[in-house]
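Working notes for the structure below.
The values are calculated or read from the model by the stated rules, or taken from the named source; none is laboratory data. From a predicted model like this one, the values you see are computed outputs, not experimental measurements. Counting neighbours? That spans all protein chains shown, and the Cβs are built from the backbone with ideal geometry, glycine included. Ligands, DNA and RNA are stripped out before the accessible areas are found, and what is left, the full protein with its side chains, is counted by its heavy atoms. Shrake-Rupley method; radii C 1.70, N 1.55, O 1.52, S 1.80 Å.
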Amino acid sequence: MKRLFQFSLFLLGILLLSGCGSGVKQEQIRIPIAVATPERPAGQSDVIGLVTEPLEVVRVGFIGLGMRGPGAVSRFTHIPGVEIKALCDLHEDRVEKSQERLEKAGFPRATSYSGSEYAWKEMCEREDIDLIYICTDWKRHAEMILYALNNNKHVACEVPAAMTMEEIWDIINTAERTRKHCMMLENCVYDFFELTTLNMAQQGVFGEILHVEGAYIHDLRDFWDAYEGNWRLEWNRKHRGDVYATHGMGPACQLLDIHRGDKMNYLVSMDTKAVGSPEYIREKTGEVVTDFRNGDHTLTLIRTEKGKTIQIQHNVTSPRPYSRMYQLTGTKGFANKYPIQGYALDASQMDSDVALNHENLNAHRFVPEEVKAALMDKYKHPIHRELEETAKKVGGHGGMDFIMDYRLVYCLQNGLPLDMDVYDLAEWSCLAPLTALSLENNSAPVEIPDFTRGSWNKIKGYRHAFATP
């Protein structure tokens, strides 16, 4: 009898492990953690492909003149049809330094706002500003975006634009209600290799894109002190997950037409323990840190509705060369940016004008440098053909920052959809809260909401808008 009882327990264990006998199917065990999608407020609709009244002159106010803001002010002085109306920072000396930049460029001085935590609100309330450009720490981004939108302003905000799901949905709902543009300033989508490769992908050079990779791998130990009040290191200390995913996400999502024919369905995240940052703090201050939340390396995998995959990595504490990964795998080709830029193509994709008499091209290795150069020239994006020379002179991460700002102003002036919309903002920012949710549940799959609430397939394929063919 005892043996029969033990055998019965053994069988029951097998049934439970297999999902049988308990009414639980194997598919149910793998269901992602649900993430709520709130109902769209009554009377609102999506802002897919939003266009607004053209602005002959774009009047701009800048908030935040610490690390990123002054460069943006200078870049805007090189864009035709811009008036810089106001400059705001908590510190008066920073505002004055940006005023000097304006004067040096031959621009009139703007109205100064400083000395108060909320001086930026007064600036947003002005009626002679069309665009609020936010370059503060990311702790304040959502609050500033919402206030600017509610004061009838278009908004461009540094990355990441939101850090919680509540902030993300508040921004979406407000942008839909006000019908104002709300764009995240993701500069990496305009880098030269990325934009050329995107053009190649859109023209079918790589066949069907199946897998893309992106990352933010940047040893910040030499930079932590530059963040006022140590806010960025403190954020990493208190938060687990990929808190800075947008540089990898932006180019990856454009390659896969996310919310323009495909959507992200769920993610799984995994991280290492925290070693490098606690050690940095101990060496700098003597404090022994036992509560550091952000792992040295965080890895996230995402699956889309159409069966594509995305891999995103985050590491800001290891002695590694800078890398944003940027890699794609297609049915007919492969592209890679870090550490070596290169393309590998199926022989059927190599037309005679690009092959340049190379007889041994194959997909097992990168094409020779002269073939890569020919490909990049042939598929140079129209945006680069127009702006590359000026962008490299003006600067900003090699010119991609200027292209980002120029395109923003160009689309506003011509009444075109912006290159990045509020749903891009949501999709690229949501990894911060959703990867943390996965990690806190033993790397469980987590649902990624459809931030368009049903409109993800309305537009077929990501494309930049132009005023003329």
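Screening the range 38-131 for helices (runs of 4 or more DSSP H) wholly inside it with 2 or more residues that are over 29 Å from the mean Cα position of the chain (by Cα) and surrounded by fewer than 21 Cβ atoms within 10 Å (Cβ to Cβ) returns the ranges 92-104.
For the range 173-191, a residue qualifies if it is more than 16 Å from the chain's Cα centre (by Cα) and closer than 21 Å to Val35 by Cβ, and the qualifying residues are Asn173, Thr174, Ala175, Glu176.
Within the range 433-447, is there a residue that is modelled with pLDDT under 95, over 21 Å from the mean Cα position of the chain (by Cα) and hydroxyl-bearing (Ser, Thr, Tyr)? Within the range 433-447, not a single residue is modelled with pLDDT under 95, over 21 Å from the mean Cα position of the chain (by Cα) and hydroxyl-bearing (Ser, Thr, Tyr).
Might you let me know whether the range 279-288 holds any residue that is more than 28 Å from Arg365 (Cβ to Cβ), hydrophobic (A, V, I, L, M, F, W, C), surrounded by fewer than 21 Cβ atoms within 10 Å (Cβ to Cβ) and more than 17 Å from the chain's Cα centre (by Cα)? Yes, because at least one residue in the range 279-288 is more than 28 Å from Arg365 (Cβ to Cβ), hydrophobic (A, V, I, L, M, F, W, C), surrounded by fewer than 21 Cβ atoms within 10 Å (Cβ to Cβ) and more than 17 Å from the chain's Cα centre (by Cα). Of the set (1) assigned to a loop (DSSP other than H, G, I, E, B); (2) open to solvent by 50 Å² or more (accessible area, probe 1.4 Å); (3) of a type outside the set (Val, Ile, Thr), all apply to Leu437 but (1).
Against the test of being modelled with pLDDT of 95 or more, under 20 Å from the mean Cα position of the chain (by Cα) and either closer than 16 Å to Lys337 by Cα or of a type in the set (Gly, Ala, Ser) (or both), the options Met404, Met400 yield a single qualifying residue, Met400. When we screen Leu418, Leu408 for residues that are touching a residue at least 60 places away in the same chain (Cβ under 8 Å) and closer than 25 Å to Glu213 by Cα, the only hit is Leu418. The set of residues in the range 7-37 that are out of contact with any Phe, Trp or Tyr (no Cβ under 7 Å at 6 or more places or on another chain), open to solvent by less than 80 Å² (accessible area, probe 1.4 Å), modelled with pLDDT of 50 or more and more than 30 Å from Leu149 (Cα to Cα) contains only Ile33.
Counting only strands (runs of 3 or more DSSP E) that fall entirely inside the range 151-260 and contain at least 3 residues that are open to solvent by less than 10 Å² (accessible area, probe 1.4 Å) and among the aliphatic types (A, V, I, L, M), the qualifying elements are 209-217.
Checked against (1) in contact (Cβ under 8 Å) with a residue 40 or more places away in the chain; (2) touching a Phe, Trp or Tyr at 6+ places or on another chain (Cβ under 8 Å), Cys88 meets all criteria but (1). Residues that are open to solvent by 40 Å² or more (accessible area, probe 1.4 Å) and not in a helix (DSSP H, G or I) within the range 369-388 comprise just one, Lys380.
Residues that are of a type in the set (Asp, Glu) and in contact (Cβ under 8 Å) with a residue 40 or more places away in the chain within the range 169-226 comprise Glu176, Glu186, Asp191, Glu194, Glu208, Glu213, Asp219, listed in sequence order.
Flag: Asp291 matches the condition of being without any contact (Cβ under 8 Å) to a residue 60 or more places away in the chain and outside any helix (DSSP H, G or I).
Would you confirm whether any residue within the range 449-466 is under 16 Å from the mean Cα position of the chain (by Cα) and farther than 22 Å from Glu176 by Cα? Scanning the range 449-466 turns up no residue that is under 16 Å from the mean Cα position of the chain (by Cα) and farther than 22 Å from Glu176 by Cα.
Scanning the range 403-423 for residues that are open to solvent by less than 20 Å² (accessible area, probe 1.4 Å) and farther than 19 Å from Thr246 by Cβ yields Val409, Cys411, Leu412, Gly415.
If you check Met376 against the conditions, is it over 21 Å from Arg75 (Cα atoms), in contact (Cβ under 8 Å) with a residue 60 or more places away in the chain and among the hydrophobic types (A, V, I, L, M, F, W, C)? Considered against the rule, which asks whether it is over 21 Å from Arg75 (Cα atoms), in contact (Cβ under 8 Å) with a residue 60 or more places away in the chain and among the hydrophobic types (A, V, I, L, M, F, W, C), Met376 comes out as yes. Of all the listed residues (Gly66, Gly49), the sole one being closer than 24 Å to Leu425 by Cβ, in contact with a Pro (Cβ under 7 Å, 6 or more places away or on another chain) and of a type in the set (Gly, Ala, Ser) is Gly49.
Per-residue answers, yes or no, for (1) surrounded by 19 or more Cβ atoms within 10 Å (Cβ to Cβ); (2) within 25 Å of Thr272 (Cβ to Cβ); (3) at pLDDT 95 or above:
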{"position": "Ile312", "(1), (2), (3)": "yes, yes, yes"}
{"position": "Val316", "(1), (2), (3)": "yes, yes, yes"}
{"position": "Met325", "(1), (2), (3)": "yes, yes, yes"}
{"position": "Leu328", "(1), (2), (3)": "yes, no, yes"}
{"position": "Thr331", "(1), (2), (3)": "no, no, yes"}
